[in-house]
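Colleague: A single structure is presented below for examination.
The values are calculated or read from the model by the stated rules, or taken from the named source; none is laboratory data. Bear in mind that the values here come from a model prediction, so they are computed numbers and not experimental data. Cβ atoms come from the backbone with ideal geometry, glycine included; neighbour counts cover every protein chain shown.
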Amino acid sequence: MVIDFEPALTSKMIVLGVDTTTAEQCLAVAEGDRLLTERRELIHTNHTETLLANIDIVLREAGIRPTADLQALAVVNGPGSFTGIRIGMATVRGLADSWGIPVVPLDALHLLAAASALPDGIIIPVLDARRQHYYCAVYHRQAGVPQPIESGLELTATEVIDLLRVYATPIVIGPGTAFLAQECPPPAWSYSLRPSPEESPAFLAARLTAGLSPAALRQAAGTFDAFYIRPPDIRRPAVPR
């Protein structure tokens, strides 16, 4: 879903952001564009075992009462671990219904392109998809707002390098960019490499959601879908004949 990120003129909306797309569980509470509190934890088993308890912890740390103070939820909806995505989305959907607030799904590639320290221009976020592949997208960022040019790409390292060469002086960002410094370091051609933003995906999701106008918030919350680029590695069991 392409969301029109129409900003509010002023916003002090309080939003909880949730990211369970990788082994690092990340939660963040934002008031407008200000981070109130954040928690990151490497999960060795399953996000289900810790997610609700950690949500309670960050809300208490921020002094936030869900039904009185929290105005929206934001969740990173992929790409990433199939199980992690489903756990995060199912949890925030249940909480949003219980607390009577909207929930906004945002994909990790868009969030990388929305990092606050980036200048305007062509932004190419890159995530490690494993199996020697990478998830990518191409955005044109204007006035701090990334607009998609190409999205939902799964590429090999060679294909990523070919993609970068299509654009003049792109900014490449994300944890999947480590291979570039070895395979095709500057000044092989002109690009700017940013391994990862300072902000976590959970905070970026919360900050973007907190800055939405009421109309844009309704639009963003209107579709609640996971963002898969690669089909999940789940197969129906064979039916014995």
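Colleague: At pLDDT below 90, of a type in the set (S, T, N, Q), outside any helix (DSSP H, G or I) and in the same structural domain as Ile122 (by TED's automatic domain parsing): does that describe Thr169?
Modeller: yes
Colleague: When residues of segment 59-88 are filtered for being touching a strand residue (DSSP E or B) at 6+ places or on another chain (Cβ under 6 Å), surrounded by 21 or more Cβ atoms within 10 Å (Cβ to Cβ) and part of a helix (DSSP H, G or I), how many remain?
Modeller: 1
Colleague: Could you list, in sequence order, the residues of segment 112-137 that are surrounded by fewer than 22 Cβ atoms within 10 Å (Cβ to Cβ), more than 22 Å from Ser81 (Cα to Cα) and without any contact (Cβ under 8 Å) to a residue 60 or more places away in the chain?
Modeller: Pro119, Asp120, Gly121, Ile122, listed by residue number.
Colleague: Give the residues of segment 90-111 that are surrounded by fewer than 23 Cβ atoms within 10 Å (Cβ to Cβ), touching a residue at least 12 places away in the same chain (Cβ under 8 Å) and of a type in the set (A, V, I, L, M, F, W, C), sorted by residue number.
Modeller: Passing the criteria: Leu95, Ala96, Trp99, Ile101.
Colleague: Sticking with this one: Can you tell me how many residues in segment 141-158 are more than 14 Å from Leu127 (Cβ to Cβ) and charged (D, E, K, R)?
Modeller: 2
Colleague: Quick check: anything in segment 19-37 outside the structural domain of Ala168 (by TED's automatic domain parsing), of a type in the set (A, V, I, L, M), part of a helix (DSSP H, G or I) and in contact with a Leu (Cβ under 8 Å, 6 or more places away or on another chain)?
Modeller: no
Colleague: List the pairs whose first member sits in segment 39-56 and is of a type in the set (Ser, Thr, Tyr), whose second member is surrounded by 12 or more Cβ atoms within 10 Å (Cβ to Cβ), and whose Cβ atoms are under 7 Å apart, counting only residues at least 6 apart or on separate chains?
Modeller: Pairs that qualify, where the first residue is of a type in the set (Ser, Thr, Tyr) and the partner is surrounded by 12 or more Cβ atoms within 10 Å (Cβ to Cβ), are Thr48/Ile87; Thr50/Gln25; Thr50/Glu41; Thr50/Ile43.
Colleague: Within segment 143-166, count every residue that is modelled with pLDDT under 95, more than 15 Å from Leu112 (Cβ to Cβ) and surrounded by fewer than 16 Cβ atoms within 10 Å (Cβ to Cβ).
Modeller: Going through segment 143-166 one residue at a time, the tally reaches 7.
Colleague: Still on this structure, I have one more. Would a scan of segment 55-63 turn up a residue that is within 23 Å of Arg230 (Cβ to Cβ) and touching an Asp or Glu at 6+ places or on another chain (Cβ under 8 Å)?
Modeller: no
Colleague: If you check every pair at least six apart or on different chains, which have Cβ atoms under 8 Å apart with a residue in segment 145-157 that is assigned by TED's automatic domain parsing to the domain that holds Asp128 first and a residue that is at pLDDT 95 or above and basic (Lys, Arg) second?
Modeller: Gln147/Arg141
Colleague: Could you tell me whether any residue of segment 93-100 is within 19 Å of the chain's Cα centre (by Cα), part of a strand (DSSP E or B) and more than 30 Å from Arg130 (Cα to Cα)?
Modeller: There is no residue in segment 93-100 that is within 19 Å of the chain's Cα centre (by Cα), part of a strand (DSSP E or B) and more than 30 Å from Arg130 (Cα to Cα).
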